[in-house]
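The next block holds one structure in the form of C-alpha cells; read it before the comments.
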Amino acid sequence: MKTHVKALVVGGGAVGTSIAYHLAKAGWDDVMLLERDELTSGSTWHAAGLLPLFNMSFATTHIHQYSVEFYKTLEAETGLNAGFAVVGNLRMAQTQERMDEYMLYASTAETCGVPYEFLTPDQIKERWPLIRTGDLKGALYHNTDGYINPADVTMAMAKGARQRGVLIERKWQADAFHWTGEAWEVTATKMVEKGGNLVPSNEQVVITAEHVVTASGNHAQRTAKMLGIKMPAIPVEHQFIVMEQDPALVEFRKDHPEHPVIRDADAQSYVREERGGWILGVYEKNAPARFEYGVPDSFRADLFQLDLERIEEQYLAMIHRIPSCEDSGLKDDFNGPICYTPDGNPLVGPAPGMQNMWLAEGFSFGITAAGGTGYYLAQMMVEGEAEIDMASLDPKRYGDWMTTEFAACKNEECYDHVYILHHPDEERPACRPLRTAPAYDRQKALGAQFGFVNGWERPNYYAPEGFNDHDSRSFRRGGWWQYAVEEAKAIREGVGLVDATAFTKHVVKGPGATAFLDWFTCNKLPAVGRINLTYALTDHGTTRTEYTIVRLGQDEYYLVSAGAWTAYDADFLRKAAAEKAADFGYIEIQDVTTQWGVFAIAGPKSRDVLNEIVKDADPASVLSNKRFPWLTMRNIELGMCPVRAVRVAYTGELGWELHHPIEMQNYLWDQLMSAGEKHGLKLVGARAQNWLRQEKSYRAFGTELGRDATPLEADLPRFVDLNKDFNGKAAMQAKGIRSKCVTLLIDGPEDADPWGREALYHGDTRVGRLTSGGYSVAFEKSIGMGYVSPEVATPGTRLKVRMLDQLWDAEIVEDSPYDPKNEAIRKDG
Ligand SMILES: Cc1cc2nc3c(=O)[nH]c(=O)nc-3n(C[C@H](O)[C@H](O)[C@H](O)COP(=O)(O)OP(=O)(O)OC[C@H]3O[C@@H](n4cnc5c(N)ncnc54)[C@H](O)[C@@H]3O)c2cc1C
C-alpha cells in the first residue's frame, strides 16, 4: 500500500469519491481514497437518488447544477451508465403562499441559469392525468433534473478517478490524524469481518499526506473526535417506501414518457416512478437523530426498522394526490441514516485550527451535491479558492458553543422543516433561547421578536404584546413590516437603540500587530484613537472579512466584524497571524466577543440622549465634533458604566456604538432607556437597520461582501489603499471589474419588497442579481443592492427586477442615495 500521497480522501461514499475524482481532474496526480468498508456502504447505497435543483441558496444551487451537468458526462468518460433519468421535477403548490415561495425560488434559479417553468393545474392535468389537481394552485417545473442510481454514479466516479490515477483502498479505516508541521500522518487500520461485524485488525499503516479530506458521512462524530474539533453533523432517520405496480401507471406509460419526480411540498413528500409502481419519500415529523456519539460497529450497510405510523399522514396524502395507487401494496422499504446539519447545508472547507485538513461532512442531499462539492472543493484545495463563495457551507459557521444536544435537536428540526414554507423572514424555534446577552429579558418584555444569529438571540424588531411572529411571516411584506417602518423612521427622525452585542470582536496586539494588520487588511491603518473600515482579502483578492478596526494603542487594535461569523473570522485571523509571526514578530490574538456588549444609538437626537448620562469634567462638549469627531473612538463614562464609544452608525445617522463590559449591560440599558424617554428613544431591530444601511449603500458581509467579489468590484475603492502592499492586492487588481456593486431604487409591487435574491435585467438581457433588498423609508419605495455587469453599472441606468414572476422598474442610483454628503452623521452639537 502506498504510504506517501499528496492528498488522502477518507470515505468512499458519493461525496468522497467525487472529491478524489475532481482532485485528480484538477491536476493532482497523487491522490488516494480510504474506505473502511465497501464504496457506497454508508448512506449512499440506500439514497433515493433524486437530484433536485431547487434550492434557496446561490452557492448550493451552483453546486447542484454542476452535479446535474457533470453526471450526464460520466458515461462517455467511464463507459458506466449511472442510470440518470432526466425526467424533470414537478413541485406542486396547494396554496398561494407556496406559489409565492416558488416565485422567490425561481429568482435564485434564474440568477444561476437554472431553467424553470410555471404550470397551471390544468396544464399539470393535461400532461399527467393520474395526478389529482383540483386542490392545486399550480406548480413549478424543472425539466433538467431527475434521479440517478446513487451506487452507480459513485462507481462511475470511482472508475473515472482510477482512470485519472487515484488509488482506492477499501477495508482501511482512518483511525488517527497527526500533523507533523509539514504533512499529515494518518494511521489506517485494516478492517476485517468478524461475526457479521466489521472490526479493526492488528494491521496498521501510517500514510503521510500533504492534504487530508474527510468525507465520512454518518461517522462524522467519530472523525470530529479524532480531529479534536466540533461538527454539527449528526444523522436523522429518513424513510421511503416502494410500492407494487400501479396498473393505471403501467397503462399510462405505454404511450407516455416517465412522470417527473412529483413533489407535494404541502404534504411533506415526494413520489417518483419505479418499475410501474411508485416510490414515496417523506420528510415527516418526529424523525429521531441517530448516532450522536458514533456509529456502532454492528451498523454497516444497514437500515432501521420502518416506522409506518410516523409516515401515515404522508402516505394518505400520496393516495389523495395519485388516487390510482390506492390499491398498490408495499413492496420494499428503506429507513436509513441521513446526515444533517442545523441549517441543512453541508460542512465543506478548511477545518478550524488546522492546516491542510479539509472537511466534506453533513450531507443531506449528498447525491445531488457530490459532483459540485468535488468540483468546488478541489478548486479550493488546488487553486486556493473556489469560483463561487463557499462561506455558507464553511465548517466554521458554528462556533465552539455548539454541543451534541444542540446539533441533534437542530438537525431533527431541519429535517422536519424540509418542506415547510421557507419564508425569507423565517426563524426556527428549536434550542432557543441559548446564547443571550444580559438585556435579553428586558428586550423580550418590551416586545422584542428575536432572530437567531450564530446562536445569539438578536432583536429583529419590536412588536406589541400578543403579536405572533410566526403568523406574520410572508414572501411579501410580513405582518412585522409596519413595525420595522416605524423603527427605521425613528432613527431617521429621532433616536433609536439597536442591540449589536452579537458582533464578532477581536483584540490584536503585540510587537508584530501593526505590521501584520497592515499586510492583512487593504485600507490604511487608523491612527491611535481613530477607526477605519477595511477588508482582509483572500489570496485571490476577494473579500474574506470586513473589519471595523479601532486602534487602541500603538500596537493594539480592536477588530469588529460580523456577528454571524465569529469562528470563521477567528480561524482566518489566527492562521494568518501564525503564518506571519516569523516575518512581523509576536502577534497576540484574543477573541473578546463575549466580553463586550454593544448598543448602537443612532438618530438626530442620539447626542441629546447620551448627554443626559455622560460623565465628564465638561459634559456639554464631550460628545461634540471637536472632542469626539466622526470615525473616532473615545473611552467615556455613561453613568457608572465605562464605555468604549465608537462614533460610527451603520444606519447613516449621527450615532455611536457603545461597547461596554457585558456584565454592566443591564445597568447601561436602564440608563439609556430612562435617559431616552424624554427624547422619544425607540427600540430598533436588525430588519430596520438592514433597510437603513441600504439607503446609505453600506455593503454587508455575507451579501454584497464575500469571496466572489473584490473590494473594487464591491465599488469600495475609498477603503483600498493602493499605495501599500497587502495580502491579495495583485490578485485583486488582476481580476479587474467583472461585475460591480450598485444600489437601486425599485418601483415594485404594492405589497412586496425584494429579499436580495432577484434577477436584474437590462432590456431582455440578464445583467446581474440583487444581493440585498428591503424598503426605504426615505424614498417610500423598495430598495436593493446587487451586482451588475460593469457596462450597465452607471447611475441613471434603468433596469428591471424580477419579483413575484414579473419584471418591475428599477433605477441604479448614486451610492448613498440618502444624505450623500454625510451631513447627518457629521452633525455637531
Ligand atoms: C433513505 C434515504 C434517501 C435518500 N435520498 C436521497 C436523494 O434522493 N438524493 C440525495 O441527494 N440524497 C439522498 N439521501 C442522502 C444521501 O444518501 C447522502 O447525503 C449521501 O449518501 C452522503 O454521502 P457521503 O459520501 O457524504 O456519505 P456516505 O455515503 O455515508 O459515505 C461515507 C463513507 O465514509 C466511510 N468512512 C467513514 N469513516 C471512515 C474512516 N474513518 N475511514 C475510512 N472510511 C470511513 C463510510 O464507511 C462510508 O462509506 C438519502 C438518504 C437516505 C437515508
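Structural remarks
- Over all directions, the projected convex hull of the C-alpha atoms in the range 45-110 averages 5.8 nm² in area.
- Computed over the chain, the convex hull of the alpha-carbon atoms projects to a mean area of 35.0 nm².
- For the range 229-356, a Kirkwood radius taken over Cα pairs fed into Stokes-Einstein (37 °C, viscosity 0.692 mPa s) yields D = 195 µm²/s.
- Per-residue Cβ neighbour rank within 10 angstrom, fewest leading, F252, F467, F599: F467, F252, F599
- Restricting the calculation to Cα atoms, the range 447-516 yields a radius of gyration followed by a Dmax of 17.6, 55 Å.
- Computed Rg/Rh of the range 147-219, alpha carbon atoms with Kirkwood Rh: 1.02
- Within-13-Å neighbourhood charge of C414 [Cβ basis; K, R +1; D, E -1]: -2
- Cα gyration tensor shape for the range 594-671, rounded if a/c is under 1.5, else prolate or oblate: oblate
- Based on the Kirkwood approach, the hydrodynamic radius assigned to the range 295-334 is 12.4 Å, with every pair of different Cα atoms included.
- Taking Cα atoms only, the orientation of helix 566-584 departs from the longest principal axis of the chain by about 70 degrees.
- The ranking of T108, T60, T797 from fewest to most other beta carbons within 10 Å of each one's beta carbon is T797, T108, T60.
- With all pairs of different C-alpha atoms in the average, the Kirkwood value for the hydrodynamic radius of the range 9-159 is 17.1 Å.
- Angle between the chain longest axis and helix 14-25 axis [Cα atoms, degrees, rounded to 10]: 80
- The antiparallel fraction among DSSP beta bridges confined to the range 699-829 stands at about 95%.
- Ratio of Rg to Rh over the range 410-535 (Cα coordinates, Kirkwood Rh, two decimals): 1.08
- Positive-end extreme of charge dipole, the chain - chosen from F572, A778, H762 (charges on Cβ): F572
- Where N is the number of residues in the range 680-829, Cα Rg divided by 2.2 N^0.38 Å: 1.09
- Residues V192, V5, V498, sorted so that the one with the fewest Cβ neighbours within 10 Å comes first: V192, V5, V498
- Per residue, the convex hull volume that the Cα atoms of the range 675-764 enclose (Å³): 183
- Modelled label reach - D297, point 7 Å along Cα→Cβ, the range 156-179 residues with backbone N closer than 19 Å: 171-176
- Averaging the Cα positions of each part gives two centres, and for the range 106-141 and the range 289-363 these lie 27 Å apart.
- Estimated at 0.36 nm per residue, the fully extended path between S789 and D135 surpasses their Cα-Cα distance by 231.2 nm.
- Expressed to the nearest 5 percent, the antiparallel share of DSSP beta bridges inside the chain is 85 percent.
- Debye intensity ratio in log₁₀ form over the Cα atoms of the range 526-667, taken at each q of 0.12, 0.14, 0.21 Å⁻¹: -0.55, -0.73, -1.40
- Taking the longest Cα principal axis of the chain as reference, the axis of helix 665-677 is set at about 60 degrees.
- The chain: calculated mean residue ellipticity at 222 nm from DSSP helix runs of at least 4, using -39500 (n - 2.57): -8000 deg cm²/dmol
- Residues with amide H under 5 Å from that of L136, placed H, sequence gap 5 or more: none
- Base-10 log of normalised Debye intensity for the range 312-400 (one unit scatterer per alpha-carbon) at q = 0.17, 0.22 Å⁻¹: -0.77, -1.08
- Electrostatic tally near H320: other residues with Cβ closer than 13 Å to its Cβ, Lys and Arg +1, Asp and Glu -1, net -4.
- Count Lys and Arg as plus one, Asp and Glu as minus one, and take only other residues whose Cβ is under 12 Å from that of W808; the net charge is then -3.
Computed from the coordinates by the stated procedures, all read-outs in this text should not be read as laboratory data. Note that the coordinates shown come from a computational prediction; the quantities given were computed from them, not determined experimentally. Please note: Cβ atoms are built from the backbone with ideal geometry, for glycine as well, and neighbour counts cover all protein chains shown.
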